[in-house]
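The values are calculated or read from the model by the stated rules, or taken from the named source; none is laboratory data. Keep in mind the model is a prediction, meaning the values are calculated, not measured. All Cβ positions, even for glycine, are placed from backbone atoms using ideal geometry, and neighbour counts span all protein chains on display.
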Amino acid sequence: MPGGAGKTRLTRRGRILAWGVGVTSAVVLGVAGVGAWVYQDLNDNIKSADVDDKIGGDRPENLSPGSKNILVVGSDSRDGANAEYGKDLTTMQSDTLMVLHVPANRKWATVVSFPRDSWVEVPACDKGDGSTSAPHHYKINEAFALGGTSGEVAGAAACSIKTVEANTGLRIDHFMSVDFQGFKGMVDALDGIEVCPEQAIHSKKARLDMEPGCQTVGGEKALGYVRVRYGVGDGSDIGRIGRQQEFMDALAEKAQAKLTSPKALYGFLQSATKSLTTDPDLAGIKPLYGLASELKGIPSDRLTFLTVPNYPREADVAADKANVVWQYPQATDLFNSLARDKEVDKKRLEADTKNPLYASSVRVQVLNGTGVSGLAGTVAEKLRAAGLTVAGTGNAPQNSGTTQVTYPSGLEKQARALAARMPGVRATPDPAAGAGVVTLVVGEDLDLDDIR
């Protein structure tokens, strides 16, 4: 099942979000005009977390100067007022993870959501308690928990940034983290939001009991509604992402009508700013207003919402019914387009991901073209961990400076899917190759950490 691309013109959603950016700008200016103390009060609410020293220097190159990639994390830290949620959890958690790409020309924008159950390689991260985690495969949202072991947002954000960069090749320029309590406060400042579930929802985990039909939910219930997953629809995280997007549409629509009251406006902004932690360059009303100003001129039909193309990992590993894996080469094509500041055609992406090619259906022979003993076996293990089927390993007839993927007739899709997991590698046909197997010759240029 592909994970959510589709080129709707986003007529309603696009209009509302485009409106929301403009109103946010006007709101910030309006509050600043009321008095310096109001501005400073809200400005001081925004927390700053410096992540640069925790990310390290091995980062993707910025291929499009002037563009911005902003990582947005919906956090449910278990500290303070949030302690009532998920008492079985002792670390910071991320419920929502997305990247906002703002191009250099500011004429379009793309928001990419990452399913929290995405099975990816989480790189080594500073846990903030004097220890460092080892690289391993797990759900993508674990990165926030690992880096936030000590309860510091800086470490949590840094590990999330490292994980997103390692798996996408995108350079992350800024981050924003918003916690549970701010979300509840924003909803309550608007006197609740109307939702219309088609079936009853009863979830102890989300602290939610709702009957079907349209109803207005306050902060506590609203939080449960956007968090609930199991027992609703197909129980997937993809479904939850869609529900969250719909809820934010409704929230923005009500804010348009409701925030004419100074009291409601101030309450809304208090909750929003108190829940917000950003990198130092975004930590303040002025830089956030600057970002909003850059976005407000983007036409609604040039604002695109995507979910990383994916399918259930069960297709590759029968025992895993809980996670999803990204679909290649479509995921790489998406990330490469954004890295090079190219607008993504959502309709085409949807068509390309309609019938996913499972990683397990790619049979690959790994040949060592470097002379480094055991390298073919090491690469083969990484490919197996990613779900591919390794048909065999060996040594190439001669050493190669560059990594190569070749394929026999009929296996072009499988070869492209394999090549897409290694930056800069292209698949080329080989009429003399044996049937049924794609060949990977590991060259001296291959960095093992770059294999996705």
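Kindly indicate whether GLU194 is surrounded by fewer than 19 Cβ atoms within 10 Å (Cβ to Cβ) and assigned to a strand (DSSP E or B).
Taking the combined requirement at face value, the residue satisfies it.
Looking at THR406, is it farther than 24 Å from GLU142 by Cβ, in contact with an Asp or Glu (Cβ under 7 Å, 6 or more places away or on another chain) and not assigned by TED's automatic domain parsing to the domain that holds SER67?
For THR406, the condition - farther than 24 Å from GLU142 by Cβ, in contact with an Asp or Glu (Cβ under 7 Å, 6 or more places away or on another chain) and not assigned by TED's automatic domain parsing to the domain that holds SER67 - is met.
Whether any residue in segment 405-418 is in contact (Cβ under 8 Å) with a residue 40 or more places away in the chain, in a helix (DSSP H, G or I) and surrounded by fewer than 18 Cβ atoms within 10 Å (Cβ to Cβ) is what I want to check.
Checked segment 405-418: at least one residue is in contact (Cβ under 8 Å) with a residue 40 or more places away in the chain, in a helix (DSSP H, G or I) and surrounded by fewer than 18 Cβ atoms within 10 Å (Cβ to Cβ).
Restricting attention to segment 318-342, and to residues there that are among the hydrophobic types (A, V, I, L, M, F, W, C) and out of contact with any strand residue (DSSP E or B) (no Cβ under 9 Å at 6 or more places or on another chain), which single residue is farthest from ALA420 (Cα to Cα)?
This residue is ALA319.
If you take the residues in segment 204-229 that are in contact with an Asp or Glu (Cβ under 7 Å, 6 or more places away or on another chain) and modelled with pLDDT under 85, which one is nearest to PHE183 (Cα to Cα)?
GLY219
Can you go through GLU343, GLU350 and tell me which one is surrounded by fewer than 17 Cβ atoms within 10 Å (Cβ to Cβ) and not small (Gly, Ala, Ser)?
Matching residue, one of GLU343, GLU350: GLU343.
Only one residue in PRO287, PRO262 is surrounded by fewer than 17 Cβ atoms within 10 Å (Cβ to Cβ) and either at pLDDT below 75 or not assigned by TED's automatic domain parsing to the domain that holds ARG106 (or both), so which one is that?
PRO262
Select, from ARG348, ARG384, ARG416, the only residue that is within 25 Å of the chain's Cα centre (by Cα) and farther than 29 Å from PRO123 by Cβ.
Answer to the check: ARG348.
Quick one: ILE161 ticks every box in (1) at pLDDT 95 or above; (2) surrounded by fewer than 24 Cβ atoms within 10 Å (Cβ to Cβ) bar one, so which box is it?
Single failed check for ILE161: (2).
Only helices (runs of 4 or more DSSP H) wholly contained in segment 298-403 count here; list those with 2 or more residues that are basic (Lys, Arg).
Because the criterion is at least 2 residues that are basic (Lys, Arg), the helices (runs of 4 or more DSSP H) in segment 298-403 that meet it are 346-352, 375-385.
Working only within segment 298-322, note down all residues that are modelled with pLDDT of 95 or more and under 18 Å from the mean Cα position of the chain (by Cα).
VAL308, PRO309, ASN310, TYR311, PRO312, ARG313
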